[in-house]
Amino acid sequence: MPIEIKNLSHTYKEGTPFARQALFEINLRIEDGEFVGIIGPAQSGKSTLAQYLNALFVPRCGRVLIDGKDTADRNTDLVQIRFDVGYVFQSPEHQLFKTTVGEDIAFGPTRQKCSPAEIDQRVREAMALVGLSYDTFFGRDIFALSGGQKRRAAIAGVLACRPRVLILDGITAGLDPQGRKEILNVVERLHREREITVIFISHSIDDVARLAERIIIMDRGKIVDDGTAREVLGKSYRLQQIGLEPPQVIEIMQRLREEGFAVPTGVLNVNEAVSEIAKVLKIPGGDKVGAN
């Protein structure tokens, strides 16, 4: 289910003295099964772009094609597109509105007019995918959940609709380290096991570096870089120019190079960094250190 964007622009409060252009002629294509990270400073256009990807916004300037279907075409079924391209917002409170966890997760399949048996199956499946025990959480009050549990319930509610693309917009914001780790593990497992296309929007470069295969950097409504994680995150000068700090592991490797150590800079995780440092220092078995 490819997504293609052509010359997309967006202006908030257009035609008023408060008009602000948020997107400038965006061109982008996302293929089936990709894990794409979108990063950028505040007001860079990330969330505005995301809302076009599942037809919450319909273009007035440019085109958005979802699986070849033009979202601005009056014959396009936008409701079906929103089921196919699931969107999890940063604040789960914006999506969780039923009394209990089970009722909330069942809402989407109910709107899809699934049978009671199918709804039950989908709820159980979605809860298992995000690590929420059906017996423990099905009847639990939404407001009795922790922040991390609310995020997982919100993801489960979208997954119950069986989307082919999953947009996750700032879902780790405000979580403690353990909650962040749990959510990232859920996302990683979903992509690996379900082969679902994931579009992961975050302010945390470290989170994006851990998960994304392709990274898009946005600044002031424009795409300023797009490539593999190694290609994009290795350009620390570009990140710093727009006010983003490179991942910590990349900063460490760059400082080592400045001190004269011949280590590579395109390293994305701690295990890989340990292995590369061990090779340079000629530690016996260094190639195995990073695997532990």
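The values are calculated or read from the model by the stated rules, or taken from the named source; none is laboratory data. These figures come from a predicted structure and were not determined experimentally. So basically every Cβ, Gly included, is an ideal-geometry build from the backbone, and we count neighbours across all protein chains shown.
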Test: I205 is over 30 Å from Y87 (Cα atoms), at pLDDT 85 or above and buried (at least 18 other Cβ atoms within 10 Å of the Cβ) = no
Please enumerate the residues belonging to segment 47-59 that are of a type in the set (G, A, S) and either under 29 Å from Q241 (Cβ atoms) or assigned to a strand (DSSP E or B) (or both).
-> S47, A50
Got a number for residues in segment 159-171 being surrounded by fewer than 22 Cβ atoms within 10 Å (Cβ to Cβ) and either part of a helix (DSSP H, G or I) or modelled with pLDDT under 90 (or both)?
-> 1
Identify the residue in segment 60-91 that is touching a strand residue (DSSP E or B) at 6+ places or on another chain (Cβ under 6 Å) and part of a loop (DSSP other than H, G, I, E, B) and, among all such residues, is nearest to R162 (Cα to Cα).
-> F89
Residue pairs qualifying under the 6 Å Cβ cut-off, at least six apart or on distinct chains, with the first in segment 21-35 being free of Cβ contacts under 8 Å to residues at least 12 places away in the same chain and the second being not in a loop (DSSP other than H, G, I, E, B), are none
Checking S44 against (1) outside any loop (DSSP other than H, G, I, E, B); (2) in contact (Cβ under 8 Å) with a residue 12 or more places away in the chain; (3) not hydrophobic (A, V, I, L, M, F, W, C), which single condition isn't satisfied?
-> (1)
Within segment 227-246, restricting to residues that are surrounded by fewer than 17 Cβ atoms within 10 Å (Cβ to Cβ) and assigned to a loop (DSSP other than H, G, I, E, B), the one that is modelled with the lowest pLDDT is E245
Across segment 252-275, the tally of residues that are polar (S, T, N, Q), under 17 Å from A229 (Cβ atoms) and more than 25 Å from the chain's Cα centre (by Cα) stands at 1
Which of the residues belonging to segment 70-85 are among the β-branched types (V, I, T) and either surrounded by 12 or more Cβ atoms within 10 Å (Cβ to Cβ) or touching a residue at least 60 places away in the same chain (Cβ under 8 Å) (or both)?
-> T71, T76, I81, V85
Confirm whether A55 is under 19 Å from the mean Cα position of the chain (by Cα), within 24 Å of T76 (Cα to Cα) and of a type in the set (A, V, I, L, M).
-> yes
From the option list V224, V249, single residue qualifying as at pLDDT 80 or above and either part of a loop (DSSP other than H, G, I, E, B) or within 25 Å of S275 (Cα to Cα) (or both) is V249
Just one listed residue, out of P163, P177, is closer than 20 Å to E34 by Cβ and of a type outside the set (S, T, Y), and it is P163
Among what's in segment 13-66 and is of a type in the set (S, T, N, Q) and in contact with a Phe, Trp or Tyr (Cβ under 6 Å, 6 or more places away or on another chain), pick the residue that is surrounded by the fewest Cβ atoms within 10 Å (Cβ to Cβ).
-> Q51
